[in-house]
Each structure stands twice: as structure tokens, then as C-alpha cells.
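Step one of this worksheet: look at the structure below.
The values are calculated or read from the model by the stated rules, or taken from the named source; none is laboratory data. Values in this document were obtained by computation on a predicted structure and should not be read as measured data. With ideal geometry, Cβ positions are generated from the backbone for all residues, glycine too; neighbour counts draw on all protein chains shown. The area values use the complete protein model at the heavy-atom level, side chains included, leaving out ligands, DNA and RNA. Shrake-Rupley method; radii C 1.70, N 1.55, O 1.52, S 1.80 Å.
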Amino acid sequence: MTATRLGIYLGVPFLILLAWFLLAISEVVNPFLLPSPIEVARDLGTVLTDSATYPHLWTTLRQVLLAFGLAAALGIGIGLPIGWYRTLRKAYEPVLGMVYAVPLVVLYPVIALFFGIGATSKIVFGALYAFFPIVLATISAVSLVDQNLVSAGRSMGARGATLFRTVVLPAARPRIMVGLRLGIILATLAVVGGQYIAGTSGLGYLLATAGQSFQTVLMFAYIVLTLAFAVLVNGLMAALDHYTNRSLT
Amino acid sequence: MLKNENSPEGRQPTTESEARIFVEDLEVAYATPSGSRVHAVVDFSLDIRRGEFLTLIGPSGCGKTSILKAVGGLITPDGGDVRIGDTIVTGPVPDQVAYVFQDFALFPWRTALGNVEVALELKKVPKAERRERAREALATVGLADAADRHPHELSGGMKQRVAVARALVSNCDVLLLDEPFGALDEQTRLVLGTELLRILESLGKTIIFVTHNLQEAVYLSDRVVAMSARPARIKEIIEVDIPRPRSPDIMVSEAFTEIQRHLFSLLYEESALAMNQP
């Protein structure tokens with residue numbers, strides 16, 4: 001990698017860190033509200049060496065993956081037929097689009113009431129958030145499949161499930177992937193948010209307790225940890241993309 | 001690797017009735033977005049001889065593709081029927097009919113080899129055999145070296161040849177070519193047309209070819225069917241009695257240019273008509 005490219009990749013993160021550092025040490029912002037990155041890094045080190053941290057990370061990962069899996073199964077399962085049949089699409093695509101626009105967080109109290117404040121409510125909340133981008137992306141992905149490819153498949157004798165597996169799904173895959181990526185981001189957001197609002201474990205819970213007990217340095221350390229978690233989740237999706245793409249050829 | 005005419009994959013002898021196509025009183029209509037119905041094809045009847053290279057030529061949007069799709073079983077006619085041999089076509093007939101589409105319709109997620117293989121995969125040919133046959137078909141069209149490339153890594157001409165290989169690999173008696181050179185530039189078109197003719201002349205398949213290129217039509221065909229503007233009707237059927245094998249030199253011969261001129265005058269007025277259709 002050339003120096004220029006390295007500069008482009010690392011320039012912005014470096015500038016943000018620098019701005020943060022300058023703001024903190026110049027004490028323009030109250031250091032209690034904005035601790036310096038060095039202090040945060042020190043606390044992050046403590047958090048990472050503390051074995052009590054990892055069950056929280058694991059809980060969050062498990063809840064995100066379960067929420068995402070549930071949403072992906074339902075979203076793709078429901079999206080495929082709606083995208084394929086024009087009548088179904090005309091009837092349901094607008095409705096789903098409308099519900100997607102509603103701030104679903106208003107449903108959290110209802111979900112907490114139904115499923116308690118344990119893991120189940122976080123998973124359901126995460127799945128609810130992830131479902132809509134996945135189902136909407138699947139619908140549009142299937143409806144946009146090049147009909148010439150479908151004709152080609154049919155002319156070679158593919159029909160029904162075979163046509164779907166051989167032509168429609170692989171042709172729709174890239175657009176479905178976009179929905180899945182968005183879905184897992186929203187699932188992460190909702191799970192961490194759910195833990196934050198009312199939880200007993202997970203990254204959201206750690207953030208909430210640090211914030212509510214005014215341990216701002218620790219809170220910032222957890223924020224950085226959560227960001228790293230999001231990067232990991234995104235990496236999982238890139239792997240899924242790569243794997244499903246490879247399995248087609 | 002370089003076998004085509006001597007290949008065991010070459011033409012298998014078939015009974016007289018198996019590869020002859022009868023189109024009778026074909027009628028195809030489409031619903032427009034505004035809800036009215038437009039007739040693409042009306043009262044179209046034509047017999048295609050076994051082993052014949054027949055071209056449908058006519059103005060854009062005149063219904064040539066609809067006829068081809070009806071023969072391939074990709075659309076259900078609104079009237080009349082198509083028979084291949086003794087069987088009335090009610091859906092795709094992948095054992096007898098192979099298709100080459102205008103924009104090639106290659107699967108972008110598959111390699112060139114994978115795109116050829118899929119035709120055999122859908123016929124449940126065992127993996128080793130289909131790989132072997134697909135490689136052979138690619139070699140026939142001169143693409144043995146491009147087997148592992150994806151469509152986006154291939155030129156237009158190469159994609160077209162992959163599409164031809166895909167149509168040849170399943171060893172069907174009938175080939176339907178829907179403007180197979182439509183998306184190519186003039187030079188590539190000429191070279192590929194010559195190349196295609198060389199391959200097809202050795203295989204003896206029954207071919208229906210759709211184009212609006214006069215030169216191509218005359219060069220490739222045994223008969224050229226000149227069509228009217230929509231709805232598609234037969235204006236005239238022209239026999240091209242130029243002996244085979246044909247080489248590109250014949251394109252400047254008296255007989256060739258005479259037929260081409262005749263076709264041009266037939267099509268000119270129809271094209272003018274078609275231009276004013278919505």
C-alpha cells in the first residue's frame with residue numbers, strides 16, 4: 001500500500017482522534033464529560049483484561065445473531081413470494097414500507113410486557129428491526145430479476161423450485177445481501193438499545209450502568225468496545241457475502 | 001480438444017418427423033400497461049423443414065420474437081399452435097429446442113464453463129460428464145481458454161459464443177436464435193456470423209433465426225421469411241439457393257446482392273409503417 005493510500009485510509013480516523021485529544025486536554029469541554037482518549041484507552045485495557053466483560057459480549061453477539069437469523073429467515077421467506085407474484089407485491093409492498101417508516105421503538109414496552117426483560121425481548125426487538133429492511137430488499141431483489149435470465153432458465157427446462165434455486169435466487173442474491181447487511185446493523189442497534197433501556201446483561205447494559213453511575217471514562221471505553229463489536233458484526237456479513245457468492249460458481 | 005464436426009457430440013440421426021416444426025394459425029397478443037390488448041402475431045402459419053436454416057426478418061417490434069418464443073414454448077399462444085414433430089408445444093422443450101437470446105442471457109454469477117454446464121445440470125447429467133461436454137462445447141466456439149472467466153470479464157463477442165456453446169451443449173435438434181448478434185458491433189457481427197455458419201453447417205440442425213440485418217439473413221439462411229409490420233404476417237418467403245458451404249466472398253456475388261436488394265425493397269415500406277406504430 002502506498003503512503004498516499006495509507007493516508008487516505010487512516011487520515012480521517014486520525015483527525016477525529018486528534019480533535020478528541022485536543023478538545024479533551026485543552027479543557028474546552030469539561031474533562032468529566034469528555035475524557036481524553038488516553039484515559040479511555042487505559043480503561044479499555046482494564047475492561048478487556050477483565051474476564052467479567054466477555055459474558056456480556058457473548059450475550060450481545062448471541063442475541064444479535066439470533067435476532068438476525070430470525071429476521072433473515074422470515075424476511076427472505078416472506079419476501080420471495082411477495083416479490084415473485086405481482087399481485088402479492090402490489091398488495092403488501094406498500095404496507096411493509098409504511099410499517100418500516102414507523103419508529104418501532106414505540107413497540108418496545110409491548111415487547112417487554114409480552115416477553116419479559118430477559119434475552120427473549122431483546123431478540124424479538126432486534127428481529128423486528130432487522131425484518132423490514134430484509135423483507136423489503138428481498139421483495140425488490142426478486143421483482144428486479146432480469147426476466148431474460150428467467151426465460152433462459154425456463155428454456156433449459158428449469159421450473160418451479162429448480163428455477164428459483166438455479167436462476168431467481170442467485171440473480172436476486174446481491175440485492176438481498178444489501179438488505180441483510182442493513183438488517184444486521186439494525187438488529188445490533190435494537191439489541192444494544194434494548195439492553196440499554198431495560199437489561200441485566202450485554203453491552204447496552206454495561207453502557208447504561210457506566211453512564212448512570214457517572215463513570216464517563218468507563219462509559220467511553222464501552223462505547224469504543226461497542227463500535228469494535230459493530231465492526232466485527234459487519235465483518236461477519238462480509239464473510240457471509242463472500243461465502244454465498246463462492247458457493248454459486 | 002479441437003473437435004467439432006467429427007465430435008461424438010455432433011448431430012445424432014433423428015427421425016424425419018422429430019425435427020420438423022409446424023406453426024399453424026399462430027396468434028399472440030400482449031396486454032399493454034393501459035390494459036388494452038395488442039396483437040403481435042395474427043394468423044401466422046409456416047412449416048420449417050428438417051435441417052433448414054430459416055430466418056425471420058422484419059421491422060423492429062413486428063412480432064418475430066413472439067413467434068420464436070411460441071416455438072420455444074416460452075409463451076402460450078392466444079390462438080393456433082406449434083408442433084415439433086408430432087408433439088404440440090405447451091411449454092419449453094429442452095430436450096429438442098435450445099435458445100440463444102438477444103442479450104445472451106448469461107448468468108453473471110457463473111463462469112463461462114458454469115454457464116454452459118447449467119444446460120446439462122438442469123437435465124441431471126452427472127457432474128463429470130457435464131463438465132467434459134461443456135469444455136468441449138466451449139472449445140467448439142473457440143473459448144477453451146476462457147472457461148473460468150465470468151461474463152463481466154468477457155467481450156460481447158465472447159459472451160455471444162458462450163451463449164452459442166450453451167445452446168449447442170445439450171445437443172438439441174432445433175436451435176432458436178433471437179437476434180444473437182444484436183448487441184454486437186458490425187465487424188464482430190460479421191466475423192461471428194461467419195464462424196457460427198461454419199459450426200452450424202457441420203451440425204445440420206434445424207434453425208430459426210431472428211434478425212433485422214439483411215446481409216446476415218441472406219448469408220446464413222436457406223429461406224428468408226420477410227415479415228410485415230405488426231401484427232406479424234408473412235410478406236414473402238425467399239429461397240436462398242446459394243450453395244453451401246458458403247464463404248464470406250459470396251456476399252459480393254451477383255446472386256447474393258440480388259436477393260439482398262429484393263429483401264430491402266420488401267422491408268423498406270414495412271419498416272416505415274412500423275416506425276409510426278406506438
## Note on the structure
Expressed in angstrom and rounded, the centroid-to-centroid distance over alpha carbons for region A:209-249 and region A:22-73 is 10
#### Entry: Max mean-square fluctuation residue, GNM over chain A, Cα-Cα springs under 10 Å, options A:PRO31, A:PRO133, A:PRO174
A:PRO31
### Query
How do A:ILE185, B:ILE207 stack up against each other in accessible area, from largest to smallest, with a 1.4 angstrom probe?
A:ILE185, B:ILE207
### Task
Tell me what chain A gives for mean residue ellipticity at 222 nm when only DSSP H runs of n ≥ 4 count, each as -39,500 (n - 2.57), the sum divided by the residue total, rounded to 500 deg cm²/dmol.
-27000 deg cm²/dmol
### Task
Just subtract the alpha-carbon distance of A:GLU39 and A:ALA238 from 0.36 nm times their residue separation and send over the number in nm, one decimal.
68.4 nm
### Task
Return the whole-Å distance between the Cα centroid of region A:119-177 and the Cα centroid of region B:214-278.
44
### Message
What do you get for chymotrypsin sites (Phe, Trp or Tyr not before Pro) in region A:59-120 restricted to DSSP loop and a cutoff of at most 11 other Cβ within 10 Å of the site's Cβ?
### Response
none
#### Entry: Label-point separation in nm, A:TYR54 to B:SER253, each point 7 Å along Cα→Cβ
8.3
## Note on the structure
Any DSSP H helix in chain A with Cα axial reach of 27 Å or more and mean Kyte-Doolittle score of at least 0.5? Listed by number, the hits are A:3-25, A:53-84, A:119-143, A:169-197, A:216-246
### Summary
Taking a straight Cα-to-Cα line shorter than 27 Å from A:LYS122, and setting aside same-chain lysines fewer than 8 residues away, one finds none
#### Entry: Restraint check, A:LYS90/B:LYS159; B:LYS127/B:LYS159; B:LYS124/B:LYS159; A:LYS90/B:LYS124; B:LYS123/B:LYS235; B:LYS124/B:LYS205, Cα-Cα greater than 30 Å
A:LYS90/B:LYS159; A:LYS90/B:LYS124; B:LYS123/B:LYS235
### Task
Can you list which of the chymotrypsin sites (Phe, Trp or Tyr not before Pro) found in region A:136-231 are DSSP loop residues with at most 11 other C-beta atoms within 10 Å?
A:PHE214
### Task
Could you tell me how many degrees, from 0 to 90 and to the nearest 10, lie between the Cα long axis of helix B:186-203 and the main elongation axis, the longest principal axis, of the Cα atoms of chain B?
70
#### Entry: Protein heavy-atom accessible area occluded, B/A pair - total, 1.4 Å probe, Å²
1600
### Summary
Computed over chain B: longest principal axis from alpha-carbon atoms vs helix B:127-140 long axis, angle to nearest 10 degrees, is 60
### Query
Taking Cα pairs under 8 Å and at least six residues apart, what relative contact order does region A:146-249 come out at, in percent?
19
## Note on the structure
chain A, Gaussian network, Cα under 10 Å: of A:LEU206, A:LEU163, A:LEU180, the residue fluctuating most is A:LEU163
